[in-house]
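The values are calculated or read from the model by the stated rules, or taken from the named source; none is laboratory data. Predicted, not measured: the structure shown is a model, and the values here were computed from it. Here the Cβ positions follow ideal geometry from the backbone for every residue, glycine too, while neighbour counts run over all protein chains shown. Accessible surface areas use protein heavy atoms only, side chains included; no ligands, DNA or RNA. Shrake-Rupley method; radii C 1.70, N 1.55, O 1.52, S 1.80 Å.
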Amino acid sequence: MRKAIYPGSFDPVTMGHMDIIKRAANIFDELIVAVLDNKVKTPLFSVEERVNILEDLTGEFSNVRVTSYSGLLVNACKEFEAPVIVRGLRAVTDFEYELQMSQTNRKLADSKIDTIFLNTDLRYAYLSSSTVKEVASFGGDISAFVPKPVADLTYAKFNSVG
Ligand code: ADP
């Protein structure tokens, strides 16, 4: 049974994230998509909202489970019994941080955890949640960046804050 965890903020989930989820779900027997509950950052969507959105979007994949976690990722790996971490790489700029994190996590977990990187599909290489939020905040078109329900919810957030 090959089990992996795909952690992230997913604030909000983009087409790039969805592409990584689909591809990882094809590689692993079970994929746990884990939304980070980061007490330090103020997100646009609450953890519950992000979990619900991801559950709706991944409902068609029988081997994908959505959950949240806080604290150290290696502890979440232990809790969910997932020895592999999946991360997406967009550009060289992602690489340095991701390499350092993967080495730190491996050390923290006594070499029992590995990180696997999936290269972004070139269609989504430029995409990030922060860009999506910035464009949406100015009323720009985000329909090519996020699934339709996410676009609607994102505009609703910005409209409700004025
Ligand atoms: P984090 O704050 O943990 O980086 P994100 O939600 O921004 O959370 O990203 C989660 C993971 O998805 C990271 O590994 C990130 O590199 C990857 N990712 C983000 N956007 C894309 C994209 N457009 N294509 C592929 N991977 C992506």
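Results for (1) over 24 Å from Tyr126 (Cα atoms); (2) open to solvent by 30 Å² or more (accessible area, probe 1.4 Å); (3) of a type in the set (S, T, N, Q), shown as yes or no for each residue.
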| residue | (1), (2), (3) |
| --- | --- |
| Ala25 | no, no, no |
| Glu30 | yes, yes, no |
| Phe45 | no, no, no |
| Ile53 | no, no, no |
| Arg65 | yes, yes, no |
| Asn75 | yes, yes, yes |
With the first residue restricted to the stretch 83-105 and required to be within 18 Å of Ile32 (Cβ to Cβ) and part of a helix (DSSP H, G or I), and the second required to be within 9 Å of the ligand (Cβ to nearest atom) and of a type in the set (Phe, Trp, Tyr), Cβ contacts under 9 Å at 6 or more apart or on different chains are Ser102/Phe117
Just one listed residue, out of Thr120, Thr93, is under 14 Å from the mean Cα position of the chain (by Cα) and at pLDDT below 95, and it is Thr120
*Verdict on Ala34 being away from the ligand (no atom under 12 Å from the Cβ) and either at pLDDT 95 or above or closer than 24 Å to Lys133 by Cβ (or both)*: no
Filtering the stretch 57-100 down to residues that are in contact with a helix residue (DSSP H, G or I) (Cβ under 7 Å, 6 or more places away or on another chain), away from the ligand (no atom under 14 Å from the Cβ) and among the charged types (D, E, K, R) yields none
Selection from the stretch 112-131 of residues hydroxyl-bearing (Ser, Thr, Tyr), buried (at least 16 other Cβ atoms within 10 Å of the Cβ) and more than 8 Å from the ligand (Cβ to nearest atom) yields Thr115
The correct count of residues that are open to solvent by less than 50 Å² (accessible area, probe 1.4 Å) and either free of Cβ contacts under 8 Å to residues at least 40 places away in the same chain or within 18 Å of Lys41 (Cβ to Cβ) (or both) in the stretch 134-155 is 6
When His17 is run through (1) within 13 Å of the chain's Cα centre (by Cα); (2) open to solvent by 50 Å² or more (accessible area, probe 1.4 Å), the failure sits at (2)
Lys39 passes all but one of the listed conditions (1) in contact with a Ser or Thr (Cβ under 9 Å, 6 or more places away or on another chain); (2) in a loop (DSSP other than H, G, I, E, B); (3) away from the ligand (no atom under 12 Å from the Cβ); (4) at pLDDT 95 or above; the exception is number (4)
Given (1) open to solvent by 70 Å² or more (accessible area, probe 1.4 Å); (2) at pLDDT 95 or above; (3) closer than 22 Å to Ile142 by Cβ, Asp11 misses just (1)
